[in-house]
Amino acid sequence: MAGPPEQAPAPGLRYAFGSVLSFFILLLIGVFAFSIRLFSVIKYESVIHEFDPYFNYRVTQFLTKNGIYDFWNWFDDRTWYPLGRVIGGTVYPGLTLTAGTIWWLLNSLNIPLSVETVCVFTAPIFSAFAAWATYLLTKEVKGAGAGLTAAALLAMVPSYISRSVAGSYDNEAVAIFALIFTFYLYIKTLNTGSLFYATLNAIAYFYMVCSWGGYTFIINLIPMHALLCIVTGRYSSRLYVAYAPLVVLGTLLAALVPVVGFNAVMTSEHFASFLVFIIIHVVALVDYIKGSLSPKMFKVAVTLVVSVGLAVCFAVVAVLVALVASSPTMGWSGRSLSLLDPTYASKYIPIIASVSEHQPPTWPSYFMDINVLAFLVPAGIIACFLPLSDASSFVVLYIVTSVYFSGVMVRLMLVLAPAACIMSGIALSEAFDVFTRSIKFQLPGLSGNSEVNAGDGSSSTVVAQNDAAKTDKREDTLKDRPSRKNKKKEKEKEHVEKAPVKSKVKRLLVLPLEASVVALLLIVLLGAFYVVHCVWAAAEAYSAPSIVLTSHSHDGLHVFDDFREAYAWLSHNTDVDDKVASWWDYGYQTTAMANRTVIVDNNTWNNTHIATVGTAMSSPEKAAWEIFNSLDVKYVLVVFGGLVGYPSDDINKFLWMVRIGGGVFPHIKEPDYLRDGQYRIDSQATPTMLNCLMYKLSYYRFVETDGKAFDRVRRTEIGKKYFKLTHFDEVFTTHHWMVRIYKLRPPKNRIRGKTKKPKSKGSSTTSSKRGGTRKKNPWH
Amino acid sequence: MRGKAELFLIFISVLPFLSLSFSAESPKERRVLVLLDDLAIKSSHSLFFDSLKSRRFLLHFRLADDPEISLRRYGQHLYDALILFCPSVQRFGGSIDVAAIADFVDSGHDLIIAADNNASDFIREIATECGVDFDEDPVAMVIDHTSYAVSDTEGDHTLLASDNIIESDVILGSKKIEAPVLFKGIGHSLNPSNNLVVKVLSASPSAYSANPKSKLANPPTITGSAISLVSIVQARNNARVLITGSLIMFSNRFFRSGVQKAGNSTKHERSGNEQFFTELGKWVFHERGHLKAVNIRHHKVGVTDEPAMYRISDDLEYSVEIYEWSGTSEPYVADDVQVQFYMMSPYVLKTLSTNQKGLYSTAFKVPDVYGVFQFKVEYHRLGYTTLSLSKQIPVRPYRHNEYERFIPAAYPYYGAALSMMAGFFIFTAVHLHNK
């Protein structure tokens, strides 16, 4: 594994050169990671994107204004009316605290940035950090060359860009950094056996718990790895140091986060870590006893301990099973269950299934999100097995589990991306390594030239090679330390391991020169293709803030700023305590942008409340009015895309309103809305569908736009074109009709008698009334 | 023309007072538009009008088909109340139609409708809008062969003497109406599910509504005490409407005539009509039974300031002052005013205690549930305007530092943790020392 003999002189200088070079490469990677995410700011504007980021932004504003204690105790009376929401106890505070700290730091340095600016740029900053963390992690696994490659790949992987463009101010933005950094510290501890890193690891884990619910991935993956090491006979004191403090400190720290609290010891997501914690202690004990007893005594002790231990284990397991079985979901949260059983959510929890990012991904989304990495990952896995160390087995485990999870939920593609980058980084770096070395070996006199030809790729891989050799050596010395008994075995193993490696190196070295050069060129081409794709994805696919939409047509660019128009209307024209009902998707935006109380929002913690709104939307007007009135709702907001062809509007989400509503209130029956198994709104639509509130609010006066009432999303003419609203008044419709706001009529002032009206006069009064409403309408 | 302009100026100057039908301590003269079929009614019903004038009402008499009349101008209503003594009008002059009158009521103004046996569809439709259905048969009248008013000629028993008067001090005053009320006209029925309409004067069980001139061919559509002779409506915005199927009830002749009910030997010098309509007029024009709630206050016990938010299990005090308008503001005294602490359903329901001077108050503990609550007072009493007060107040959970620091029940656990730590320390020391 040592470098060629010509390189032997002046190794110190080359190391220094290499580390300076890698420092600058890392710096550039950081700058690149930051700047590739600025497309959204340049192409649109510096705004917060989408839905959840608006909530985080609002929370951050509150934090910067009121301080951390008020944030912790914040009871928000503007959402989930009338239940309210204890924000401090139900939010992962990591992101908010991070951005708040950045803002506070900048302000105390007299850099007066607005909170919004800080929030917008938090995600790009942290993606640079994430790239560096990837470098550290991969360096621990396979050396600095692989680390640099992996960092460069991660800096621009589209999957991660989609969650961390400027303005995408969401938990994942900081959580991915925390995730990778926690893994890095775990591997670092595993490689060094240092208690210092173990403590840091627990703190990094704490930051991850603060940031994202995805921390359960860590607290399951690390035990899995520890178990794997134990089962494959790789137990060492380093593993114990890496694992045991993490579980103890990590669990204690996790319990400090209000949203996790006692969940850290009560829910099934965390049980794996405790189980492995017990196992690792048993193994450590066995190890200790083995070292201090004679083999014969040891056998006696084993039989004794195994029989007693089995009995105790059985009792504990029985208690656990009884405890777990007593909860209806076996102690798992709905989201975790839908991960373990991908069909669970669609069967039992429509509210989880209704979120598009909880759907399983399609094949093209893999190519879109990780592109060529998908092909490089297998190569990386192979590289990890040559040789298999504790660290490389960890990343293999990481990629295998994350591939599975990403297959269950699109959203978890984000967890896969770093693993794929690490694997591809390893694969690319190994490939470069092999090819450049084979070139060098065949041109011994021109080694200097070849280095120049190959550019910094080869030099960094050389550095990597040396680093790898160094870590190998260090590992050797470390491995000497563990118990005397293992020593022999390990040495044997190392011999076995080393032999094939050497033979492989020799075998690879006979690659023909031309083939190596061509292969190098192809790899560079592949890399170039990846870069082009990533830049395209960053610029075109993932930069849209989704509150401002654009479309290109033959007569130029069209901007649809209807959402902000509607929220501005609400904030200027309604009373500050008015309640606005809408489907839950728009809850966060309404509270953050319009500052009005909403009934339900994107924090879908109360299924019944959401079902109530869903039921109202799927009910006829009068019943809907009664539901809304009982919730003190003044305005109803619907999103309608039929005029401009905006596909994610409320009619397309309507099936979830029916399903979620019907799940709680059985009088809403899905078949009533279905014709031929479809939600149709054309002339074939069912009467229930045509009379439900959502249909009416979406299509009210729609026929006046083009005379035919042609819905451009559903590509059909609507079923019922002319109708009046009896309990709602249209108060505002945005420029492109994308948001329509209705006001609940007050209860009738008088109750009419039952005598039917004389025909002629009746029609005259209604027509005059209609004239009245039309005059109030800002549209005509 | 000049007069009108002047009138308009006056109107503008009193607008702030008019916009609330009742607000100032010293009431201004209130404008009443009286629409008549025939100006003769002005003199034939002068007693009723005089009683109104004596109570500082400014009456504007107009013929119903006067092309100049209108209820509102420049978006403002010109009158506080409207009296329709024009049963036979086919359509109003000017800009008045059913919708305009409905709008007049919906903006909080009062209305008196009197029909008679040739009531037009138009008047019937207005009544229907207010929730009262006159008998659809255009020639029908209310006939009662047992409790008619005895008169010199036998007649067709369409002149009724009814004493089925609603018992309500707030609607008809505290003085009991001794004499029966004379009625001659068409009856109407009410929808039982309509809780805004109240029968004030109803027919006896033996009455029925039919054409008195012809023989009864079909069973009458409305009979017995389902027939209402005089009804009142209090709309949700507290506008009050009086509806009767007899215009002549208001006439001087009926006010002055004596009455003897058939089968009853007592002969009353005067019919009850004058007292009945004077008192009822007071009610309709909000001179009685109008409640006003002011100074809604709530605060924690021992603190005077009103908090923006309560904490669960806080002790709070709630108070409201309720006054009744009857010429002057007087404290309203009742023992049945309740306050709800409401979040989707009432968590606390308490009867407010009064100090007899209008102040109602209570104290209770905030329930152990957080959320956005409301203090709600929903006070519906016959004859009184509806009091519907609600005030939103959020209730938060404990702050992190409002919990007890040490719980006595947990002392064993504290002990366990501390002893464990000490034991571990000793163990480590011993273990290391002995190595």
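Within 10 Å of each residue's Cβ, count the other Cβ atoms and sort A:THR192, A:THR436 from fewest upward. Don't skip to the end; give the middle numbers.
Numbers: A:THR192 18, A:THR436 24.
Going from sparsest to densest Cβ surroundings: A:THR192, A:THR436.
Two decimals is fine: what is log10 I(q)/I(0) at q = 0.09, 0.11, 0.17 Å⁻¹ for the stretch A:558-744, from a Debye sum with one equal scatterer on every Cα and no solvent?
Log10 I(q)/I(0), no solvent term: -0.28, -0.43, -1.10.
Over chain A, what number does the Rg to Rh ratio reach, with both radii from the alpha-carbon atoms and Rh per Kirkwood?
1.05
Quick check: the angle from helix A:171-192's long axis to the longest principal axis of chain A, C-alpha only, nearest 10 degrees?
In chain A, helix A:171-192 runs at an angle near 20 degrees to the longest axis.
If we count other beta carbons within 10 Å of each Cβ, what is the order of A:VAL20, A:VAL396, A:VAL636, A:VAL535, fewest first?
By the 10 Å Cβ count, ascending, the order reads A:VAL20, A:VAL535, A:VAL396, A:VAL636.
Amide H to amide H under 5 Å from A:PHE728: which residues, 5+ apart in sequence or cross-chain, H placed 1.01 Å off N in plane?
Hits under the 5 Å cutoff: A:ARG745.
Cα atoms only, the stretch A:186-331: Rg and Dmax in Å?
16.8, 52
Taking amide hydrogens as modeled 1.01 Å from N in the peptide plane, which residues meet the under 5 Å criterion relative to B:VAL132, leaving out close sequence neighbours?
So B:VAL132 has HN proximity to A:GLY753.
Quick one: net charge around B:LEU59, please, counting Lys, Arg +1 and Asp, Glu -1 for every other residue with C-beta under 14 Å from its C-beta.
Within the 14 Å Cβ shell, the charges total +3.
So what are the ³J(HN,Hα) numbers for the stretch A:154-168, from phi and the Karplus equation (6.51, -1.76, 1.60; θ = phi - 60°), rounded to whole Hz, Gly and Pro as x?
So the J values, rounded to whole Hz, are 5, 4, 10, 5, x, 4, 6, 4, 4, 9, 9, 5, 4, x, 7.
On a 0 to 90° scale, report how tilted helix B:273-284 is relative to the longest principal axis of chain B, with both axes built from alpha carbons and the result rounded to the nearest 10.
Between helix and principal axis, roughly 40 degrees.
Quick one: order B:SER95, A:SER268, B:SER162 by neighbouring beta-carbon count within 10 Å, fewest to most. Don't jump to the answer; show the numbers that get you there.
Values: B:SER95 13, A:SER268 19, B:SER162 24.
Least crowded to most crowded, the residues run B:SER95, A:SER268, B:SER162.
What number, rounded to the nearest 500 deg cm²/dmol, is the helix-based mean residue ellipticity at 222 nm of the protein assembly as shown, given -39500 (n - 2.57) per DSSP H run of at least four residues and division by all its residues?
That comes out to -15500 deg cm²/dmol.
Using r as the Cβ-Cβ distance of B:SER88 and A:SER683, and R0 as 45 Å, what FRET efficiency do you calculate, to the nearest 0.05?
Numbers: r = 50 Å, r/R0 = 1.11.
With R0 = 45 Å, the Cβ-Cβ based efficiency is 0.35.
Tally Lys/Arg at +1 and Asp/Glu at -1 over every other residue whose Cβ is under 15 Å from the Cβ of A:ALA519; what's the total?
-1
Which ³J(HN,Hα) values, rounded to whole Hz and listed in residue order, are derived for the stretch A:222-230 from phi using the Karplus coefficients 6.51, -1.76 and 1.60 in 6.51 cos²θ - 1.76 cosθ + 1.60 with θ = phi - 60°, glycine and proline given as x?
Working through the residues one at a time gives 5, x, 4, 5, 4, 4, 4, 4, 5 Hz.
Quick one: helix A:621-630 against the long Cα principal axis of chain A, what's the angle to the nearest 10°, folded into 0 to 90?
70
Around B:GLY358, which amide H atoms from residues at least 5 apart in sequence, or from another chain, sit under 5 Å from its own amide H, with H modelled in the peptide plane?
Here B:TYR332 satisfy the definition.
Give me the distance in nm between label points sitting 7 Å out from Cα along the Cα-to-Cβ direction at A:VAL265 and B:ASN355, one decimal.
According to this spin-label approximation, the distance is 5.4 nm.
I want to verify the translational diffusion coefficient of the stretch B:290-396 in µm²/s; compute it with Stokes-Einstein, Rh as the Kirkwood radius over Cα pairs, at 4 °C and 1.567 mPa s.
91
Residue by residue, what Karplus-based ³J(HN,Hα) values in Hz, rounded to whole numbers, does the stretch A:12-19 have, using 6.51, -1.76 and 1.60 with θ = phi - 60° and x for Gly and Pro?
x, 4, 5, 4, 4, 4, x, 6
Take the alpha carbon gyration tensor of chain B, find the square roots of its eigenvalues, order them as a ≥ b ≥ c, and report rounded if a/c is under 1.5; if not, report prolate when a/b exceeds b/c, else oblate. Could the numbers behind the result be given before it?
Numbers: a/c = 3.14, a/b = 2.41, b/c = 1.31.
Prolate shape, in that a/c is at least 1.5 and a/b is the bigger ratio.
What net charge do the residues around A:LYS653 carry, taking every other residue with its C-beta under 11 Å from that of A:LYS653, with Lys and Arg at +1 and Asp and Glu at -1?
-2
Could you grab the relative contact order for the stretch B:342-435? Cα pairs under 8 Å, six or more apart, rounded to a whole percent.
Worked out over the stretch B:342-435, it gives 18 percent.
Given a Förster distance of 60 angstrom, what is the FRET efficiency for B:HIS380 paired with A:SER365, based on the Cβ-Cβ distance and rounded to 0.05?
Values: r = 60 Å, r/R0 = 1.00.
Plugging the Cβ-Cβ distance into 1/(1 + (r/R0)^6) gives 0.50.
The numbers here are math on the coordinates, done by the rules we state, and not lab data. A quick note: this is a predicted structure, and the numbers were derived from the prediction, not measured. Cβ atoms come from the backbone with ideal geometry, glycine included; neighbour counts cover every protein chain shown.
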